[in-house]
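Colleague: I'd like to ask some things about the structure below.
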Amino acid sequence: GQELVGEWGGSGAARLGLSGTVERESFERLCENRVPRDGRKLTPRTNKERRVAFDLNWHAPKSLSVLYGLTRSEELLFAFRRAVAETMREVEALAQARIRDNGG
């Protein structure tokens, strides 16, 4: 009970209808190139040598963790979650994909 449970975030999760707590089955389906809700293929082809995904984790500084542990302040938790959400929006805005021609 010391760690916060992972939550879906970002526009990709929203497009797939993923919100709230990350559940193992949904995550595993995504890793298998499947739509979490119904198991349909997510993309037309599944390469065996593909990079499945990136998982981003944010951790509070030790001083914040200690202060929260002592106070259980909901305001601290809210501020941390808001900072994570803002950072995630900035990271997502800069995310890029590399598309290669002819398998190069």
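The values are calculated or read from the model by the stated rules, or taken from the named source; none is laboratory data. Being a predicted model, the structure only gives us computed values, none of them experimental. As a convention, Cβ positions derive from the backbone with ideal geometry for all residues, glycine included, and neighbour counts pool all protein chains shown. These area figures cover heavy atoms from the full protein model, side chains too; ligands, DNA and RNA do not enter into them. Shrake-Rupley method; radii C 1.70, N 1.55, O 1.52, S 1.80 Å.
Colleague: Looking for whichever is without any contact (Cβ under 8 Å) to a residue 60 or more places away in the chain, within 12 Å of the chain's Cα centre (by Cα) and open to solvent by less than 70 Å² (accessible area, probe 1.4 Å) here; the options are G6, G10. Which one fits?
Modeller: Numbers: G10 fails: without any contact (Cβ under 8 Å) to a residue 60 or more places away in the chain.
Only one candidate passes the filter, namely G6.
Colleague: Continuing with this model, one more query. Across the stretch 57-78, which residue is nearest to G6 (Cα to Cα) among those that are touching a helix residue (DSSP H, G or I) at 6+ places or on another chain (Cβ under 9 Å) and open to solvent by less than 100 Å² (accessible area, probe 1.4 Å)? Break it down into steps so the answer makes sense when it comes.
Modeller: We begin by selecting, within the stretch 57-78, every residue touching a helix residue (DSSP H, G or I) at 6+ places or on another chain (Cβ under 9 Å); these are 58-60, 64, 67-68, 73, 76-77.
Next cut, open to solvent by less than 100 Å² (accessible area, probe 1.4 Å) only: 58, 60, 64, 67-68, 73, 76-77.
On the way: W58: 10, A60: 14, L64: 19, L67: 21, Y68: 18, S73: 20, L76: 18, L77: 14 Å.
Once the filter is applied, the top-ranked residue is W58.
Colleague: Follow-up. Among the residues of the stretch 39-56, which ones are touching a helix residue (DSSP H, G or I) at 6+ places or on another chain (Cβ under 9 Å) and farther than 19 Å from G10 by Cβ?
Modeller: Once the filter is applied, which keeps residues that are touching a helix residue (DSSP H, G or I) at 6+ places or on another chain (Cβ under 9 Å) and farther than 19 Å from G10 by Cβ, the stretch 39-56 yields only G39.
Colleague: Does at least one position in the stretch 17-37 carry a residue that is out of contact with any helix residue (DSSP H, G or I) (no Cβ under 6 Å at 6 or more places or on another chain), closer than 23 Å to L94 by Cα and of a type in the set (K, R)?
Modeller: no
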